[in-house]
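Read the structure below first, then the notes.
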Amino acid sequence: QAALSTDVRRLGAAAAHCNDARLIERGGQWLAEGDPMEGALLAFAAKAGAGIESDRRQRDGEIPFDPARRFMATLAREANASRIFVKGAPEQVLAMCDRALSATGGDAALDPAPWRAAIDAMTGRGLRVLALAEGSAPAGAASLALPDFDGNLRLIGLAGLMDPPREEAIAAVADCRAAGIAVKMITGDHIGTAKAIAARLGLARPAAAMSGAALARVSDDDLPKVASEVDVFARTSPEDKLRLVRALQKDGAVVAMTGDGVNDSPALKQADVGVAMGLRGSAAAREVARIVLADDNFATIAAAVEEGRRVYDNLRKAIIFILPTNGGEAFAIIAAIALGITAPISPLHILWINLITEITLSLALAFEAAEPDVMRRPPRAPNAPILTGYIVWRIVLVTALMLAGTFAVFEWLLSVGETLAYARTAAVNAIVAMEASYLLSVRRLRGPGWRGLFTRSAWATWVAVAVTAVAEIAFTYLPPMNELFASAPLKPSGWLLVAAAAAVLFAASEIEKRIAAMRRS
């Protein structure tokens, strides 16, 4: 037990010296400043009794971590000799050692096989594994260079760190995959760790992983195919990340790249959407990125995709709503002029209709919640037009229905002996009622309009309809409004005609949506 404690302290000493983090006590709690992984190693060193005070970790030389080297080394001068501490990727540190710490505390010849087996077992559990080693330098050495210790180090041991994916990240990956978004992992971790984490995240092909070394042997011509077929890339360099982004773009993909370090900056800049971490991301990464995550959470990206699709859907709904409703109003006058008959509404009525519907009914669509299947659709093509053939057909259909409904109400009332003011009042109310009923339908383009209509998410729709109804009652029954717009109070029979026109339009719109859904399936 005494020998084990000494070995653990030696492992902790290496972890403390090869470390840029700090532990600070605030309000009775210990907090880590710096890289979370180094903070965890420093906490381990403190528990091991290695001493983590700044004066006990004084450095006289340093080789900082670099993705190409994949290790960090420090020099600590002591009275009779200087000690070298190394921390880095296990396969890299193993290659730099010629001996290992034995069970008795001395040195033993390094047998890589059991160490590699231990590394594979640890990474297979999803642990991020680091190897820690030490060596000696001449007394009084004031600097540190690779030739001073390469191949002449003592392997002390391995440190495994658990960094499990968040539950919300797992759910976000599932949402992205359901939405037709391919999620790929490009990491500097060991390939075994990358596979295990990818499997927990739910990536499509976690076992088909490729290392940076294997990636370097793939030609630029073959890389697009490899990049599309492989989902996990481990032990990658900044150059590897940049090549992968370019290869995916060459294959026609729209690429969003996440990163936090200076070395991620080239890939972040090359990607169609560079996403930097706001909490632990470097200034260089945040500078070149188009999006900065304030919470460093992958789930936020999936939420942003859903919100973007919701906004795009609502924009399409607004177009599908505004164009045919305005078209129905305009063509009512155009058709009357062309046919040489009395117009069912006057220009002043059009002004009134647009005034109350544009700021109420159409505005409600901006607050409409996302459709249930918004994250189960494939991505749309970047160059896809908003006015597709289907939308144009929908605009023409609704315009024709509104035109027919307006004339039907107007001409019927004139035929039964009602006054022109009465018939036009009913026509105006019919147009507004049809627009309101069409709003209830168009709020869901890929499902029944009544879906979610009686939930809290539909509050904006009901507010808009209520405000419009109050305005129409005032238009119909208040004497000042009757005087201003030449309107007349309606009898119950008039309201029945208005309701019938609205019901026919709603039913026709829902039937058309159903037919369109059957064609898609």
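The values are calculated or read from the model by the stated rules, or taken from the named source; none is laboratory data. These numbers were taken from a predicted model, which means no experiment stands behind them. Every residue, glycine as well, gets a Cβ built from its backbone with ideal geometry; the counts of neighbours run over all protein chains shown. Heavy atoms of the whole protein, side chains included, go into the accessibility calculation; ligands, DNA and RNA do not. Shrake-Rupley method; radii C 1.70, N 1.55, O 1.52, S 1.80 Å.
Residue check: residue 452 meets all listed conditions (1) modelled with pLDDT under 90; (2) over 26 Å from residue 176 (Cα atoms); (3) open to solvent by less than 30 Å² (accessible area, probe 1.4 Å) but one, namely (2). If you go through the range 137-186 and pick out every residue that is assigned to a helix (DSSP H, G or I) and charged (D, E, K, R), you end up with 5.
Taking the numbered list (1) open to solvent by less than 40 Å² (accessible area, probe 1.4 Å); (2) without any contact (Cβ under 8 Å) to a residue 60 or more places away in the chain; (3) closer than 14 Å to residue 189 by Cα in turn, residue 97 passes all entries but (3). A single entry from 392, 416, 374, 396 fulfils the requirement of being more than 27 Å from residue 334 (Cα to Cα) and of a type in the set (A, V, I, L, M): 374.
Looking only at residues that are open to solvent by 10 Å² or more (accessible area, probe 1.4 Å), hydrophobic (A, V, I, L, M, F, W, C) and under 43 Å from the mean Cα position of the chain (by Cα) in the range 410-448, which one is farthest from residue 505 (Cα to Cα)? Checked the range 410-448; the qualifying residue farthest from residue 505 (Cα to Cα) is 445.
Taken over the range 344-361, the criterion of being buried (at least 20 other Cβ atoms within 10 Å of the Cβ) and closer than 14 Å to residue 328 by Cβ is satisfied by 344, 345, 349, 353, 357, 361.
If you go through the range 354-398 and keep only what is among the polar types (S, T, N, Q) and under 27 Å from residue 252 (Cα atoms), you end up with 383, 388. Regarding residue 506, is this residue of a type in the set (Phe, Trp, Tyr), closer than 20 Å to residue 326 by Cα, open to solvent by 10 Å² or more (accessible area, probe 1.4 Å) and touching a helix residue (DSSP H, G or I) at 6+ places or on another chain (Cβ under 6 Å)? Answer is yes for this residue. Please work out if residue 286 is part of a helix (DSSP H, G or I), in contact (Cβ under 8 Å) with a residue 60 or more places away in the chain and crowded, with 17+ Cβ neighbours inside 10 Å. Here the answer is no, as residue 286 does not meet what is asked.
Does residue 369 satisfy being open to solvent by 20 Å² or more (accessible area, probe 1.4 Å), in contact with a Ser or Thr (Cβ under 7 Å, 6 or more places away or on another chain), touching a residue at least 12 places away in the same chain (Cβ under 8 Å) and not aromatic (Phe, Trp, Tyr)? Yes; evaluated as a whole, the condition is true for this residue. Looking only at the range 223-260, which residues are open to solvent by 60 Å² or more (accessible area, probe 1.4 Å), part of a helix (DSSP H, G or I) and within 14 Å of residue 274 (Cα to Cα)? Answer for the range 223-260, where residues must be open to solvent by 60 Å² or more (accessible area, probe 1.4 Å), part of a helix (DSSP H, G or I) and within 14 Å of residue 274 (Cα to Cα): just 246. Only residues that are touching a residue at least 40 places away in the same chain (Cβ under 8 Å) and either closer than 17 Å to residue 181 by Cα or of a type in the set (A, V, I, L, M) (or both) were counted in the range 196-226, giving 2.
Looking at the range 299-321, which of its residues are crowded, with 18+ Cβ neighbours inside 10 Å and of a type in the set (Asp, Glu)? Matches in the range 299-321: 313 only.
Scanning the range 113-139 for residues that are under 17 Å from residue 94 (Cα atoms), of a type in the set (D, E, K, R) and within 42 Å of the chain's Cα centre (by Cα) turns up 116, 120, 128.
Among (1) part of a strand (DSSP E or B); (2) surrounded by fewer than 20 Cβ atoms within 10 Å (Cβ to Cβ), where does residue 91 come up short? Here residue 91 meets the rest and fails (1). Looking only at residues of the range 509-521 that are within 22 Å of residue 439 (Cβ to Cβ) and either free of Cβ contacts under 8 Å to residues at least 60 places away in the same chain or over 44 Å from the mean Cα position of the chain (by Cα) (or both), we find that the one that is surrounded by the most Cβ atoms within 10 Å (Cβ to Cβ) is 514.
The residues of the range 100-123 that are open to solvent by 60 Å² or more (accessible area, probe 1.4 Å) and assigned to a loop (DSSP other than H, G, I, E, B), listed by number, are 103, 104, 111.
Restricting the first member to the range 257-268 and to residues that are under 12 Å from residue 240 (Cβ atoms), and the second to residues that are of a type in the set (Val, Ile, Thr) and open to solvent by less than 20 Å² (accessible area, probe 1.4 Å), the beta-carbon pairs closer than 6 Å and six or more apart or on different chains are 267/245. The set of residues from the range 322-343 being closer than 16 Å to residue 425 by Cβ and exposed (fewer than 15 other Cβ atoms within 10 Å of the Cβ) comprises just one member, 342. Scan the range 455-474 residue by residue and report those that are more than 23 Å from residue 512 (Cβ to Cβ), under 29 Å from the mean Cα position of the chain (by Cα) and not small (Gly, Ala, Ser). The answer is 455, 456, 459. Does the range 124-131 include one or more residues that are touching a strand residue (DSSP E or B) at 6+ places or on another chain (Cβ under 7 Å) and open to solvent by 40 Å² or more (accessible area, probe 1.4 Å)? Within the range 124-131 (the criterion being touching a strand residue (DSSP E or B) at 6+ places or on another chain (Cβ under 7 Å) and open to solvent by 40 Å² or more (accessible area, probe 1.4 Å)), the answer is yes, since at least one residue qualifies. Residues that are within 23 Å of residue 197 (Cα to Cα), touching an Asp or Glu at 6+ places or on another chain (Cβ under 9 Å) and among the hydrophobic types (A, V, I, L, M, F, W, C) within the range 105-141 comprise 119, 127, 129, 131, listed in sequence order.
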